[in-house]
Every structure is written in structure tokens, then in C-alpha cells.
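The values are calculated or read from the model by the stated rules, or taken from the named source; none is laboratory data. In this text the structure is predicted, and so the values were computed from the model without any measurement. Positions of Cβ are generated from backbone atoms using ideal geometry, with glycine treated the same way; all protein chains shown enter the neighbour counts. Accessible surface is based on the protein model in full, side chains and every heavy atom, while ligands, DNA and RNA are left aside. Shrake-Rupley method; radii C 1.70, N 1.55, O 1.52, S 1.80 Å.
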Amino acid sequence: MIKRVDYLNSLEKWRDEKVIKVVTGMRRCGKSTLLLQFQNRLVETGIETTQIISLNFEKLEYEDLQDYKKLYSYLKDRLISDKKNYIFLDEVQRVKHFEKVVDSLYVMDNVDIYITGSNSQMLSSELATFLSGRYVEIKMLPLSFKEFFSICDLSIDDSFVEYMRYGGLPYVTTMEKDSDKVEMYLEGIYNTVLVKDIEDRQNRKNLGMRAITDISLLKSISKYLSSVVGNMVTVKSITNYLVSGGRKVSPNTVSDYIEALCDSFIFYEVDRFDIVGKELLKNNKKYYIVDLGLRNYILPRKNYDLGFGLENIVYFELLRRGYRVNVGKLKDKEIDFVTRKNDELHYIQVTASMVDESTFEREMRPLREIRDNYEKTVLTLDRFSVGNYDGIKVVNIVDWLLE
């Protein structure tokens with residue numbers, strides 16, 4: 001098993017605290033393995049196996065416990081009264097009204113609860129209502145390049161090529177790198193997310209939420225979003241694209257289907273930030289796909305773009321590092337990313353190469369026009385232009401990913 005040290009440390013940080021630990025992330029990004037690793041850590045620190053109750057609702061053996069009353073009775077009967085009990089509920093969104101079980105367990109003094117889910121709806125509806133202020137969310141992503149490289153028996157450059165081609169889903173990393181095998185595995189995950197996770201979402205849908213019933217439309221929107229990674233889009237522009245291809249669809253329907261794709265953690269929506277006005281803009285957005293291996297499966301190879309692939313990698317690395325991330329707007333210019341942490345801003349441009357003089361000027365010009373003293377960085381694949389240019393740092397992207 002690939003040890004996800006940062007996520008393990010996050011769980012350890014919150015261990016025994018009176019909050020529910022909620023691990024979210026797309027299917028097969030490593031949530032179940034993380035729970036197992038943390039259970040092993042508990043045992044290593046002296047916790048007895050009888051103090052650990054672990055259920056994975058993807059397994060048929062626990063299907064009867066998808067009735068929340070039966071689940072509560074099952075867990076309550078196994079609690080040890082004079083010791084701390086560690087409860088792990090994996091893919092718990094499959095249990096309708098699971099939040100009632102979690103809420104009832106939460107009020108007990110000797111219970112520490114850890115749950116996972118592959119759909120953000122579990123946090124935006126009933127759970128948030130029942131447990132407002134009583135849970136912490138640990139957002140899990142596929143492997144970072146640093147994690148990928150640590151287990152990859154290749155040079156740095158060759159590892160990065162593989163990372164861009166196959167992505168960072170943990171099982172893909174351990175597979176023999178046969179393109180057909182990887183593609184079949186990614187196809188299985190992709191179809192399962194679109195069918196199974198969307199179905200789970202439907203079972204828990206909020207009042208007024210439209211049903212997601214047209215999988216063909218869902219795939220069409222997913223393919224389009226994959227092709228425009230790193231580009232500004234609107235619901236209207238996506239609708240117009242689909243209509244021009246012969247689909248009869250309304251903007252409201254398109255919006256609902258995009259929301260379903262984001263709820264399942266395949267795509268992440270990023271708003272623009274007006275650098276001058278210091279406010280978020282809601283009219284145009286960018287979307288990034290959680291794993292480049294999935295993007296390469298969804299798109300024909302001829303549509304693959306190196307620069308936008310790099311931008312996609314940087315976006316998720318910034319999330320891993322705990323930044324809030326927006327796309328920057330500076331009058332009529334764009335900054336790829338404006339990040340915020342501890343009230344500090346950081347402006348970042350991403351480009352495949354800075355060798356060409358016109359490209360160098362294009363990437364540097366918007367950063368020079370920002371009238372504040374926050375950090376400014378250009379991340380690039382080339383090593384020829386690395387340096388500091390009047391306070392603007394140019395950094396090799398692979399080196400930055402390995403920091």
C-alpha cells in the first residue's frame with residue numbers, strides 16, 4: 001500500500017478530538033486504504049483491535065446495514081463501555097439517513113468517528129444540518145507528483161512524463177504501464193463514477209434538485225469540460241456547444257449536470273478573482289479535472305495540450321498545499337492563479353516554456369502590472385529561464401512539485 005503520509009498526519013492531528021473526521025474525494029483516490037493505514041497506526045500505538053469497528057459499504061456483506069436503524073444497532077452492540085471506540089464507516093453515503101447514526105454516536109463520550117464519501121452532497125445537505133460545527137473535512141486527492149516519484153523506479157523527467165500520461169490514481173501507479181490495461185482501468189472508474197456515484201447522489205438529492213438521468217449527456221458535458229481545461233467557460237457557452245451538435249438541452253439542465261460532475265469530485269470549479277477590486281466574479285469560471293489520466297482517457301490524444309495539462313497539475317498541487325485558489329483578473333489580462341493562505345496572496349503563472357522572448361513577455365507582463373508586494377511566480381518546464389526578474393521568480397515546475 002502507498003502510504004499517504006500527509007493525510008495520515010491530518011487524521012492523527014484530529015484523533016480523539018470531539019469532531020467527526022470526514023474524508024472526501026473521488027472514487028479510487030485512496031480513501032479506503034487511508035482508513036486501513038490509520039487503523040494499523042492505532043494498533044501500533046496500543047489500541048486493541050476490539051476497539052476498532054470498520055465497515056465498508058461497498059462490500060456486499062454489509063448490504064443489510066444500509067438500513068440506518070440496523071446499522072445503529074449493530075454499532076451500539078459492539079461498543080466497549082470502558083474504552084475508546086474507533087468507528088470507521090467507508091462510503092457511508094450509501095446508507096440513507098446515515099447522519100442520524102453518526103449524530104447519535106457523536107454524543108457518546110467514548111466514540112471517535114471517521115467516515116468517507118465519494119460525493120460532496122453528503123456534506124452539503126443533511127450532514128451539515130445535523131452536524132454543523134461538529135465535523136472536519138479532509139479533502140483527499142490522487143497522488144501528488146512527489147508521492148508518485150517516491151515509488152516510481154524512473155528518472156525525474158521520465159517519471160513526470162508518466163505522471164502526465166497516466167495520472168496519479170494509486171492503483172494505476174502500481175500497475176504495469178501497459179496503455180490498454182491502464183485505459184481499461186480508467187474506463188471502469190469513470191463509468192462507475194458517472195453511474196454509481198451519481199445514483200448515490202440521486203438517492204440523497206435535495207428537494208428541488210433535478211434528476212440526473214441522461215448518462216449520454218453527462219458524458220458529453222464531461223468530455224467538453226475535459227477539452228476546455230484551463231479555459232474560461234460559462235453555462236451558456238457549454239449549452240451553445242451542445243445545441244450546435246444537435247442536443248436539445250437548456251442551460252438549467254447543463255448547470256445541474258455540471259454540478260453532479262463536481263459533486264463526484266471529477267471536476268473542480270474555480271471562480272475568477274478581480275485583483276483590483278478584490279472581489280470574486282461569478283460570470284465566468286474554469287474547470288479542472290481531478291486526474292490527467294482520466295482526461296487522457298476521455299479525450300482523443302490529438303486534443304491533448306501540454307500547457308493546460310501543466311496548469312491542471314499546478315491547480316491540484318496548490319489545493320494539496322492548503323491554498324484557496326482562484327483565477328486572477330487584472331483589467332483585460334489574466335493571472336492563472338491567485339492563491340490565499342493566512343491572509344497572504346501569491347500570484348502564479350504557468351507555461352510550458354519561457355525560452356521564446358514573446359512568451360516570456362506575455363507571462364511576465366501581467367505580473368509586473370500588479371501593484372502590490374505579494375509574491376509572484378512563473379512555473380515553467382524549461383530550466384533555461386529560471387531566476388529572479390525584478391522580484392518575479394521563474395521556477396522549474398518539476399522542482400517546485402518536489403519541494
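On segment 1-154, 47 percent of the accessible area sits on carbon and sulfur atoms, based on a 1.4 Å probe. On segment 338-403, 45 percent of the accessible area sits on carbon and sulfur atoms, based on a 1.4 Å probe. In the context of the full set of protein chains, segment 1-113 has a per residue accessible area of 48 Å² (1.4 Å probe). Amide H contacts under 5 Å for Ile52: Tyr86, restricted to partners 5 or more places along the chain or on a different chain, H placed in the peptide plane at 1.01 Å from N. Based on the reciprocal of the average 1/r between different C-alpha atoms, the Kirkwood radius for the chain equals 22.8 Å. Between 0 and 90 degrees, rounded to the nearest ten: what's the tilt of helix 215-227 against the longest Cα principal axis of the chain? The angle comes out near 40 degrees. Solvent exposure of segment 214-361 amounts to 43 Å² per residue of accessible area, where only protein heavy atoms count and the probe is 1.4 Å. What a 1.4 Å probe finds exposed on segment 262-328 is 49% carbon and sulfur by accessible area, rounded to a whole percent.
Label-to-label distance for Glu369 and Val386 is 3.0 nm, based on points extended 7 Å past Cα in the beta-carbon direction. Taking Cα centroids, how far is segment 167-181 from segment 328-346 in Å? When both Cα centres are located, 35 Å separates them.
Under the 0.36 nm per residue contour assumption, what length would be gained going from the current alpha-carbon distance of Asn231 and Asp157 to full extension? Mind dumping the intermediate values first?
On the way: separation 74, 0.36 × 74 = 26.64 nm, distance 2.67 nm.
Extra length from Asn231 to Asp157 when fully extended: 24.0 nm.
The listed residues Arg247, Arg371, once ranked by accessible area (1.4 Å probe) with the largest placed first, stand as Arg371, Arg247.
Could you compute the net charge surrounding Leu367? Neighbours are other residues with a C-beta less than 12 Å from the C-beta of Leu367; K and R count +1, D and E count -1. Charge balance near Leu367 sits at -1. Helix 357-369 against the longest principal axis of the chain: what's the angle in degrees, Cα atoms only, rounded to the nearest 10? It is inclined by approximately 70 degrees. Listed by chain and number, the lysines placed with their C-alpha closer than 16 angstrom to that of Lys83 are Lys18; residues fewer than eight positions away on the same chain are left out.
From the cross-link list Lys223/Lys376; Lys59/Lys96; Lys331/Lys393; Lys219/Lys341; Lys223/Lys333, which pairs have alpha carbons spaced over 25 Å apart? Intermediate results must be reported in sequence, preceding the final value.
Numbers: Lys223/Lys376 33 Å; Lys59/Lys96 16 Å; Lys331/Lys393 23 Å; Lys219/Lys341 35 Å; Lys223/Lys333 27 Å.
Violating the 25 Å Cα-Cα cut-off are Lys223/Lys376; Lys219/Lys341; Lys223/Lys333.
Helical content alone sets the calculated 222 nm signal of the chain at -12000 deg cm²/dmol, taking -39,500 (n - 2.57) per DSSP H segment of four or more residues and averaging over every residue. Rounded to whole numbers, the Karplus 3J(HN,Hα) couplings from phi for segment 81-94 are 5, 9, 9, 6, 10, 10, 10, 10, 10, 9, 6, 6, 5, 6 Hz, using 6.51 cos²θ - 1.76 cosθ + 1.60 with θ = phi - 60°, and x at Gly and Pro.
Taking Cβ atoms as reference points and 14 Å as the exclusive limit, the residues near Glu61 contribute a net charge of -2, counting Lys and Arg as +1 and Asp and Glu as -1.
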